[in-house]
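Report on the following structure.
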Amino acid sequence: MEAMILAAGAGTRLRPLTDRTPKALVEVGGRPLLAHVLGRLAAAGVERIVVNTHAHADQVRTFLDGGAPAGVEVVLSPEPDGPYDTGGGLLAAAPLFHRDGPILLHNVDVLSDIPLERLLEAHRAAAEHAEGRLMATVAVQDRTSGRRLLFDRDGLLGWENREAGGAVIGSERVREPAGPITRWSFTGIHIIDPAMLRHCSRTGVFSIIAWYLDLARQGYVIQAADVSGCEWIDVGTPARLEEARRKFGG
């Protein structure tokens, strides 16, 4: 099984820590974030991992020379003129995948106890009845966040941003809803079908959510997998880093 760790972000919100250290190598519990994610993917049965890089790419390469889990092949996808964002990064890495099954995507700055094996099982089970229309399974939670993804019975149909008081300050929908809308917060963990890599009209820098919405507009399915009961944290700011260090080992 293959996976990709999205690790090319500059980590600007963690400056000055990331002025000399890539976000992927910021430590939590005495281990770099990248090591945490590599271990989780290996434990889920992943045997081949693509890691995209940009800022301080040489440090990430040096770490991976000796830090990759035993039995796991790690392939780098450099973005020297990047970063390309999540969608652009995946598209740039597309030629590196063998595409022999679902591909697990994981943000490098996300720590969680979300059961990746169950997420894979949910994707495979849904794919059996989707007649080739299922492109991705997105791990989501019912938690407070400014931006939420909108789903109905047919899958993803849009997103909305809300300010602290609850007012909508930005939104997009690519089709009319089929039944009630459910609002979920994204976790940065998802499964894609390799066929998705053949369906992209975008180039350059763009988010994977924009790619997903393009697919939803065309009638493909992006389904939600509720993991609300799981521990999760996005290590994107100094405050969140300190919280992660308290929760995951100091």
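The values are calculated or read from the model by the stated rules, or taken from the named source; none is laboratory data. Keep in mind the model is a prediction, meaning the values are calculated, not measured. We place every Cβ from the backbone using ideal geometry, glycine too, and count neighbours over all the protein chains shown.
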Working carefully through the options GLY179, GLY188, GLY166, find the one that is at positive phi and outside any loop (DSSP other than H, G, I, E, B).
GLY188
Meets criteria (touching a residue at least 60 places away in the same chain (Cβ under 8 Å), farther than 15 Å from LEU241 by Cα and exposed (fewer than 15 other Cβ atoms within 10 Å of the Cβ)) for GLY45:
yes
Based on what the data block shows, is GLU163 at pLDDT below 95, among the charged types (D, E, K, R) and over 15 Å from VAL221 (Cα atoms)?
yes
(1) in contact with a Pro (Cβ under 7 Å, 6 or more places away or on another chain); (2) free of Cβ contacts under 8 Å to residues at least 60 places away in the same chain; (3) over 19 Å from PHE206 (Cβ atoms): which one isn't true of HIS54, the others all being true?
(3)
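For the range 1-30, what are the residues that are free of Cβ contacts under 8 Å to residues at least 40 places away in the same chain and not in a loop (DSSP other than H, G, I, E, B)?
First, the residues of the range 1-30 that are free of Cβ contacts under 8 Å to residues at least 40 places away in the same chain: 12, 15-16, 18-22, 25, 27.
Scanning the range 1-30 gives THR12, THR18, ASP19, LEU25, GLU27.
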Can you name every residue in the range 126-151 that is surrounded by 17 or more Cβ atoms within 10 Å (Cβ to Cβ) and part of a strand (DSSP E or B)?
LEU134, MET135, ALA136, THR137, VAL138, ALA139, VAL140, GLN141, ARG148, LEU149, LEU150, PHE151
The lone condition ARG202 fails out of (1) within 27 Å of GLU231 (Cα to Cα); (2) touching a helix residue (DSSP H, G or I) at 6+ places or on another chain (Cβ under 9 Å); (3) part of a loop (DSSP other than H, G, I, E, B) is (1)
Filter pass, VAL60 being closer than 20 Å to ARG246 by Cβ, assigned to a helix (DSSP H, G or I) and not aromatic (Phe, Trp, Tyr)
no
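In the range 211-240, which residues are part of a helix (DSSP H, G or I), under 21 Å from ALA7 (Cβ atoms) and touching an Asp or Glu at 6+ places or on another chain (Cβ under 9 Å)?
Filtering the range 211-240 down to residues part of a helix (DSSP H, G or I) leaves 211-217, 238-240.
Pick out the ones that are also under 21 Å from ALA7 (Cβ atoms) and you get 211-212, 238, 240.
Scanning the range 211-240 gives a single hit, ARG240.
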Qualifying residue in the range 35-50 (condition: modelled with pLDDT of 95 or more and over 28 Å from ALA225 (Cα atoms)):
no
Checking THR86 against (1) out of contact with any Ser or Thr (no Cβ under 9 Å at 6 or more places or on another chain); (2) hydroxyl-bearing (Ser, Thr, Tyr); (3) within 22 Å of LEU241 (Cα to Cα); (4) crowded, with 20+ Cβ neighbours inside 10 Å, only one condition comes out false. Which one?
(1)
Residues in the range 193-250 that are more than 17 Å from ARG31 (Cα to Cα), of a type in the set (D, E, K, R) and touching a residue at least 12 places away in the same chain (Cβ under 8 Å): how many?
6
